[in-house]
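Only the coordinates and a few stated rules stand behind these numbers; no lab work does. Computed from a predicted model, the values in this text were never measured in an experiment. In this analysis, Cβ positions are derived from the backbone assuming ideal geometry, glycine residues included, and neighbour counts consider all displayed protein chains.
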Amino acid sequence: MQPVFIVAAKASGARELAAILNGNGLACLTAAFDTNNPYAYAFGQFLRRANVTATELIATPDQVLDDYLSHCATLVRAERFCFEQGYRSMHLFNGRAWQFGQPPHLVPYLRRRRYHVVHFRRRGRLEHTVRLQMPETAAEGDAAAFDLDMERCERDLRMLERMSNWMTIWFRGYGRYHELACEAVFEAGVVSDSGARLLEALFDIPIAKRTLPLPLAHHDLARLVGNAKDVLAAFADGPYGSEAAALLGGEATS
């Protein structure tokens, strides 16, 4: 088997990446490790059907993972396929013994099996935190203005920075670990020429279809964020001042 694990936070653009990969013939199983995923490929569904107990999952995680990946390979009828996985689900196999910052068991497993790992993220962390709070209706381009929760924004910024640092540390020296930015792949809602070359090199497939099944809605964040002036003032003198100005239509001060 040659599975590729795409690790990403919500609102990172990973779902759009999965749509492009699926559209070009490479199965990408989205939210595979989310406990509420109802599809047959979901890890939770596999555990229930295989009668895997929580004790077994913690005691023999490598065997459970091997069996699960074989199950997915059978479902997609291919040796090569991808998973889209969130940060939180990386620690499914650690049980209650996991401590903050400790490498999840999944990391050494992936390194031992020599599976490819793609950390997909947004370069613009502030934009990412705004998108994490964006109303669901914004996906259809029909959203009323909303006020950004600044405390949550600060928490999300710390989380994104922390996870980026941890991923770099956990996979340091591993040649099959790759960092990939959403902005390096998508431009104006389609895969750019340079983005197509990146995907072809990483996933070893031709990227002939570059448009998404549903077009991405354009978001005027300066209008959509109702308290944009307060956000600009809050970040003006910090490391995100320039990004805030670019996103929300203010003047760069840092």
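Observations, loosely collected:
- Of (i) 0.93; (ii) 1.14; (iii) 0.98, the label for Rg/Rh (Cα atoms, Kirkwood Rh) derived from the coordinates: (iii)
- Fraction in percent of alpha-carbon pairs per bin - 10 Å, segment 63-210: 9, 30, 35, 23, 4
- The equivalent ellipsoid of segment 27-67 has semi-axes of 18, 11, 8 Å, largest first, where each one is the square root of 5 times an eigenvalue of the Cα gyration tensor.
- Charges were assigned to the Cβ only: +1 to each Lys and Arg, -1 to each Asp and Glu. The resulting dipole of the chain about its Cα centre is roughly 960 debye.
- Taking 4.7 Å between C-beta atoms as the pairing limit, the chain has these partnerless cysteines: Cys72, Cys153, Cys182.
- The order of Glu151, Glu187, Glu16, going from fewest to most other C-beta atoms within 10 Å of their C-beta, is Glu151, Glu187, Glu16.
- Helix-only arithmetic for the chain: the sum of -39500 (n - 2.57) across DSSP H runs with n ≥ 4, divided by the residue total, places the mean residue ellipticity at 222 nm at -12500 deg cm²/dmol.
- Across the options Val130, Leu157, Pro3, the greatest Cα extent toward the positive end of the charge dipole of the chain (unit charges at beta carbon of Lys, Arg, Asp, Glu) belongs to Pro3.
- Taking every alpha-carbon pair under 8 Å whose residues sit at least 6 apart, the chain reaches a relative contact order of 22 percent.
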